[in-house]
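Peer 1: Pasting in a structure now, in structure tokens, and then I'll have a few things to ask.
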Amino acid sequence: MTDKASALANMAFAIGSMFGPIIGGQLTDLYGYRKTCDIICISAIVAACINFLIVFVPDLIRRRPEVTNDEDDEEETPIGYK
């Protein structure tokens, strides 16, 4: 990991440790414990979906094999598959 990436990771951890309990306490006071857990669960699912879209989808698109439709390159196909 480079120095900048390490600094960003440590900064995100520090900010989360600092503001997480404050925000969680405010949400618990406003909505109650059960709804706060629901809010945290929904936000974690949304974050996981965004992470999937940013990290894995571009890699899957890059790895997709190219499909060629060459009429000249006919191979033997079983009966009923043509």
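What follows draws every value from the coordinates through simple rules; no lab data is involved. Owing to the predicted nature of the structure, the values given are computational and were not obtained by experimental measurement. So basically every Cβ, Gly included, is an ideal-geometry build from the backbone, and we count neighbours across all protein chains shown.
Peer 1: Under unit Cβ charges (Lys, Arg +1; Asp, Glu -1), what dipole magnitude, rounded to 20 debye, does region 3-63 have relative to its Cα centre?
Peer 2: Once rounded to the nearest 20, the dipole reads 180 debye.
Peer 1: Based on the alpha carbon coordinates of region 3-63, what radius of gyration and maximum Cα-Cα distance (Dmax) apply, in Å?
Peer 2: Answer for region 3-63, Rg first and Dmax second: 15.7, 48 Å.
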